[in-house]
Amino acid sequence: MSMQTTRIRTLLNQTDLFSADQIESLLANARENRQSISESALAIVHELKEDEFLSRLAEAMKLPFRRLKDAEINETILERIPTKAVFQYNVVPLEEQDDILQVATCNPFVPGLVDALRLATESRIRLVLSPSDDISTAAKKFYGVGAETLDRMMQDSAIDLEDEDNLLKQDLSELDQEASVVKFVNQIIWEAYKDRATDIHIEPMELDLRIRYRVDGVLHETPMPPKLKRFQSSVISRIKVMANMDIAEKRLPQDGRIGVRIRGEEIDVRVSTMPTVYGESVSLRLLMRGGGLITMQDLGLNDEDSAQLKKMITRPHGILLVTGPTGSGKSTSLYAWLHTINSVDKRIMSAEDPIEYEMAGVNQVQMRPEIGLTFANTLRTFLRQDPDVIMVGEIRDRETAEIAIRAALTGHLVFSTIHTNDSASTVTRLLDMGIEPFLVASSVEGIVAQRLVRGLCKNCRRPMKVDEDFLREHNFPVERLKTEGPIYEAVGCDECRGNGYKGRTGIFEILPLTDDIRPLVIAHSSASEIKACALKHGMRTLREDGWDKVIAGVTTIDEILRVTEDDELEG
């Protein structure tokens, strides 16, 4: 039995967390599965948390224990340990005191760790125990996503022109650099996927290459390694190669698609490039192909709205429109409706650009305007294909609108999206396109306006102090707080990555075209008149639905004010 094992056994015993049998199982488990002592400890005692184990272990080893959530680390300290060592050993340098460098680790039993760090830094080392998540988050924050890969690229790209032997190896070095670029791009996509990002924006600036992720509808800048700018063209070229684009064409915008599998996860990525003054800006939209299909229950509808909508989507004919700005979840709602009514006795056809989810039992057609496969042409063909239900990705022009209306009037159920601010202005938008008022009145069954709001993190939300005057100013039903409160505000914790929000939910405004509203449409009434009539007959606005979600503790006042218009109730 090695001295190291004896020492570990003694230290584990001193933590008072394990029985003698558990210690033996823990050591055997670590040996057989090549796990760290921490991983093995958590596997043996399931209710044990890593921070609790490490703090007890730190006491036994007479080492400091530290959480790194708000740690600020000096740049000169960060440079003391090579990037490769930081990610290889999962360590982070914290500070230097009396010529002793303090280094955070979650596994103090790595053989030769202290010696390796001493050699790399040429100074004495004192270990500090910190949870593994804290260390990896700090490494990402201070060194940047993919920093070790960039470090490798830096080494690979440095060629000594005076060294003839090295010149002969130049081709090999370029191959190594190419492999590092591939790994770096994969890391960017994987990190975005782990953060639940929907978009990645790679934006060249004068002295920097900025990478931002859109998470829950809000953009966040991602920490990136310094000196990334010099690899701008390599990174962008790699993405263009993956998306089957012309890498030589840098003057014109291009579009492409990538299907990637990273660590067993299949991700479908839409890529768009745009030439800017400092190089090509690249946007990547991440789509979880084949997975994550949302049902009606997941949309965030209340019981009343859900019942009303189910009645609309099971009608034999008519048009049902969803409206809202880009990124408000319109396509997701359409898919949820199709998923609800999809059955063997219905022939469903959809024209989409792009196909975001693949649905079994639905005939999905990808639009290709460059060869004449437009929404309008596809819709015409659909009518010869004997469909029961037609989904049109978006009504963008008069021609598409007219064919959709003709389809609805000839006994088909049509779902589509349109870009307007609220449900009432959708009617006037169709009339402005040149559609006859009587056609709109007789074909449109209902209009659903929607927005997406970020959901509060249940782990860290806290009740907020209420400013009643401010709430009344925005038509908040203050009197309901006496019986239904409290309302919450966002805080931020490890679980929500410090944002205070996790996931999104919808807020909705449903306008059925009833017998009271149809005469107003035929009379070419304004959106405000249609809205006033709908409100009189019980329509609830986006903001009212939002206030319900605030009172239910789902989201915050700030979120509702961010996504809804201030004059919602004045129309």
Exercise for the section: Kindly indicate whether Arg406 is open to solvent by 10 Å² or more (accessible area, probe 1.4 Å), assigned to a strand (DSSP E or B), modelled with pLDDT under 95 and charged (D, E, K, R). Expected result: no
Practice task
Give just the number: which of (1) closer than 23 Å to Tyr357 by Cα; (2) open to solvent by less than 60 Å² (accessible area, probe 1.4 Å) does Leu228 not satisfy?
Solution key: (1)
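Okay, residues lined up against (1) without any contact (Cβ under 8 Å) to a residue 24 or more places away in the chain; (2) surrounded by fewer than 15 Cβ atoms within 10 Å (Cβ to Cβ); (3) not in a helix (DSSP H, G or I):
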site	(1), (2), (3)
Gln4	no, yes, no
Arg9	yes, no, no
Phe18	no, no, yes
Ile23	yes, no, no
Arg31	yes, yes, no
Gln35	yes, no, yes
Ala41	no, no, no
Glu47	yes, yes, yes
Leu54	no, no, no
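Let's see how each residue does on (1) farther than 21 Å from Cys533 by Cβ; (2) more than 30 Å from the chain's Cα centre (by Cα):
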site: Gly361; (1), (2): yes, no
site: Ala376; (1), (2): yes, yes
site: Thr381; (1), (2): yes, yes
site: Val414; (1), (2): yes, no
site: Ser423; (1), (2): no, no
site: Val427; (1), (2): no, yes
site: Glu445; (1), (2): no, yes
site: Val448; (1), (2): no, no
Practice task
Would you mention how many residues in the range 445-463 are assigned to a loop (DSSP other than H, G, I, E, B), in contact with a strand residue (DSSP E or B) (Cβ under 6 Å, 6 or more places away or on another chain) and open to solvent by less than 60 Å² (accessible area, probe 1.4 Å)?
Solution key: 1
Practice task
Would you please name the residue that is nearest to Val322 (Cα to Cα), looking only at residues in the range 340-355 that are out of contact with any Pro (no Cβ under 7 Å at 6 or more places or on another chain), of a type in the set (D, E, K, R) and open to solvent by 40 Å² or more (accessible area, probe 1.4 Å)?
Solution key: Asp353
Fill in the blank from the handout: Of the listed residues (Lys194, Lys227, Lys183), the one being at pLDDT below 90 and touching a Leu at 6+ places or on another chain (Cβ under 9 Å) is Lys227
Fill in the blank from the handout: Filtering the range 481-500 down to residues that are open to solvent by less than 20 Å² (accessible area, probe 1.4 Å), under 30 Å from Asp134 (Cβ atoms) and either at pLDDT 85 or above or among the charged types (D, E, K, R) (or both) yields Gly492, Gly500
Completion exercise
Among strands (runs of 3 or more DSSP E) entirely inside the range 263-339, those with 1 or more residues being open to solvent by 10 Å² or more (accessible area, probe 1.4 Å) and at pLDDT 90 or above are 265-276, 279-287
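The values are calculated or read from the model by the stated rules, or taken from the named source; none is laboratory data. Since we're looking at a predicted model, the values are computed, not measured. Don't worry about glycine lacking a Cβ; one is built from the backbone with ideal geometry, like all the others, and counts go over all protein chains shown. In case anyone asks, the SASA skips ligands and DNA or RNA and just uses the protein heavy atoms, side chains included. Shrake-Rupley method; radii C 1.70, N 1.55, O 1.52, S 1.80 Å.
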